[in-house]
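Scroll down for the structure; my scribbles are underneath it.
The values are calculated or read from the model by the stated rules, or taken from the named source; none is laboratory data. It should be emphasised that the depicted structure is a prediction, and the values quoted were computed from it without experimental measurement. Cβ coordinates were reconstructed from backbone atoms using ideal geometry, including for glycine residues, and neighbour counts include every protein chain displayed.
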Amino acid sequence: MAPLSSTSVLVGTNMEMPIIGIGTWQATDDEVLVAVDAALEIGYRHIDTAAVYENEFGIGKVLKKWFDSGKLKREEVFVTTKCNLSHFRPEHIEKSLNESLTKLQLDYVDLFLAHSPVGVQYKDEGLPMAPNGDVLVDLNTDIIANWKTMEMMVDKGKAKAIGLSNFNQSQVKRILDAARIKPANNQVELYVYLQQPELVEFCKENGVTIVAYDLISSTKTKSFQTKRPVPDEIVIQYPMEDDTVVSIAQKHNKTPAQVILRFLIQYGVAVIPKSTNPKRVQENFNIFDFELSKDEYDQLKALDKGEAGRQFVSRRNSPYAKHAEYPYPKMSS
Ligand SMILES: NC(=O)c1ccc[n+]([C@@H]2O[C@H](COP(=O)([O-])OP(=O)(O)OC[C@H]3O[C@@H](n4cnc5c(N)ncnc54)[C@H](OP(=O)(O)O)[C@@H]3O)[C@@H](O)[C@H]2O)c1
């Protein structure tokens, strides 16, 4: 049996979330059968998925196999899922969670996230699209009313904790001010070129854990570009090829990905690198046997480019940008 990940962060008042989890966006049901199984063998005890990733069914199959074999108990693995973007309104949130639980073959998830403060129009399956290919945004998303419904999911025992994703600082504050159950977490794009220090500090002060996504930077990957051409205004950036990252990696005999992940956990955020390749799943987990010195940490800290580092979202001409809750600074057309 592989050792458990020794490091975890507190989520909410009394729950621990392993500081590293396996990300699963862009992994199919078939791919997660291999990747999540490998991750559990390696020692990952935290799985990140979402209704829109369309892979909860595969993850559920792997979890059932591990639970049935007795190698793992339900309470030993931390499972996060996110509300379907097209169900982000009070009357559909529970339906989204129920569907996720059925696919995952679970009675509860550890963490249920609002995937984005911007909902899209209701559709039973898949995302609603306009004839021009734009997603049909729901301009009436009410993040406070939705939060109240998410709190009920905790009351009903369907989620141990609830949280946010892609919420900016003022949106997190509005939820904190209105909440009966505080958000445990905010999952955001965060990596060496986009470190979001104010958001991280604000969340830390208010007991909201940050989970970093797009942390090794999938935006540059071929699959992403094939599925969704990268808009012109996004300058694709390559942190794994950054001279500073590469030279620190060489000094520690580690890979650039390992240095990036190690930096993020020393920065105080949890990480959910995605890989469907068992060798890279292992590589991404091997970050607990070295430490960055203060000087190395400071060099990586200095790589932050602020908003110029944001690359996951298209901000010009994005249908999401028309929404009052669009969380990012807008760019002019
Ligand atoms: N809340 C949100 O809105 C949101 C948005 C995006 C992502 N997420 C979550 O965050 C997770 C991570 O983000 P992400 O998937 O966008 O990006 P990521 O984990 O930074 O990068 C994944 C990409 O890097 C490759 N990769 C993984 N490990 C590597 C390594 N050691 N060396 C070289 N390449 C490596 C993967 O390819 P291989 O698979 O071929 O290894 C994949 O193409 C997602 O999977 C998802 O669970 C959440």
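Look through segment 195-229, keep the residues that are at positive phi and near the ligand (Cβ under 8 Å from one of its atoms), and return whichever of them is modelled with the highest pLDDT.
ASP214
Could you check segment 56-95 and list, in sequence order, the residues that are within 16 Å of ASP110 (Cα to Cα) and acidic (Asp, Glu)?
GLU56, GLU75, GLU76, GLU94
Which of the numbered conditions does SER332 fail, given that it passes all the others? Conditions: (1) touching a helix residue (DSSP H, G or I) at 6+ places or on another chain (Cβ under 6 Å); (2) modelled with pLDDT under 95; (3) not aromatic (Phe, Trp, Tyr).
Status for SER332: all satisfied but (1).
What number goes with the only condition from (1) at pLDDT 95 or above; (2) away from the ligand (no atom under 12 Å from the Cβ) that VAL135 does not pass?
VAL135 satisfies every listed condition except (1).
Being within 11 Å of the ligand (Cβ to nearest atom) and within 18 Å of the chain's Cα centre (by Cα) is the requirement here; does VAL79 meet it?
Here the answer is no, as VAL79 does not meet what is asked.
Being among the hydrophobic types (A, V, I, L, M, F, W, C) and within 16 Å of the ligand (Cβ to nearest atom) is the filter here, so list the residues in segment 143-158 that pass it.
Across segment 143-158, the qualifying residues are ILE143, MET150.
Determine, yes or no, whether LYS95 is assigned to a helix (DSSP H, G or I), among the charged types (D, E, K, R) and farther than 30 Å from VAL118 by Cβ.
no
Being buried (at least 18 other Cβ atoms within 10 Å of the Cβ), of a type in the set (A, V, I, L, M, F, W, C) and either away from the ligand (no atom under 16 Å from the Cβ) or in a loop (DSSP other than H, G, I, E, B) (or both) is the filter here, so list the residues in segment 282-302 that pass it.
Once the filter is applied, which keeps residues that are buried (at least 18 other Cβ atoms within 10 Å of the Cβ), of a type in the set (A, V, I, L, M, F, W, C) and either away from the ligand (no atom under 16 Å from the Cβ) or in a loop (DSSP other than H, G, I, E, B) (or both), segment 282-302 yields ILE287, LEU292.
Can you tell me which residue in segment 105-128 is nearest to the ligand (Cβ to nearest atom), limited to those that are out of contact with any Phe, Trp or Tyr (no Cβ under 8 Å at 6 or more places or on another chain) and over 17 Å from PHE88 (Cβ atoms)? Don't jump to the end; show me each part of the working.
The first filter runs over segment 105-128 and keeps only residues out of contact with any Phe, Trp or Tyr (no Cβ under 8 Å at 6 or more places or on another chain), leaving 105-109, 112-113, 121-127.
Add one more test, that the residue is over 17 Å from PHE88 (Cβ atoms), and what stays is 105-108.
Numbers: GLN105: 19, LEU106: 17, ASP107: 22, TYR108: 19 Å.
Among those residues, the one meeting the criterion is LEU106.
Checking the conditions here, which among ASN140, ASN98, ASN84 is more than 16 Å from the ligand (Cβ to nearest atom) and under 29 Å from ASP37 (Cβ atoms)?
Testing whether each residue is more than 16 Å from the ligand (Cβ to nearest atom) and under 29 Å from ASP37 (Cβ atoms) leaves just ASN98.
Please go through (1) part of a strand (DSSP E or B); (2) more than 22 Å from GLY268 (Cβ to Cβ) for ARG180 and return the number of the only condition it doesn't satisfy.
Failed condition: (1).
Among the residues of segment 258-270, are any without any contact (Cβ under 8 Å) to a residue 40 or more places away in the chain and crowded, with 19+ Cβ neighbours inside 10 Å?
Let us first name the residues in segment 258-270 that are without any contact (Cβ under 8 Å) to a residue 40 or more places away in the chain, namely 258, 262, 266.
Those still in the list that are crowded, with 19+ Cβ neighbours inside 10 Å too: 258, 262.
Yes; the residues of segment 258-270 include at least one that is without any contact (Cβ under 8 Å) to a residue 40 or more places away in the chain and crowded, with 19+ Cβ neighbours inside 10 Å.
In segment 61-98, which residues are buried (at least 18 other Cβ atoms within 10 Å of the Cβ), touching a Ser or Thr at 6+ places or on another chain (Cβ under 8 Å) and touching a residue at least 40 places away in the same chain (Cβ under 8 Å)?
Those that are buried (at least 18 other Cβ atoms within 10 Å of the Cβ), touching a Ser or Thr at 6+ places or on another chain (Cβ under 8 Å) and touching a residue at least 40 places away in the same chain (Cβ under 8 Å): THR80, LYS82, CYS83, LEU85, PHE88, ARG89, ILE93, LEU97.
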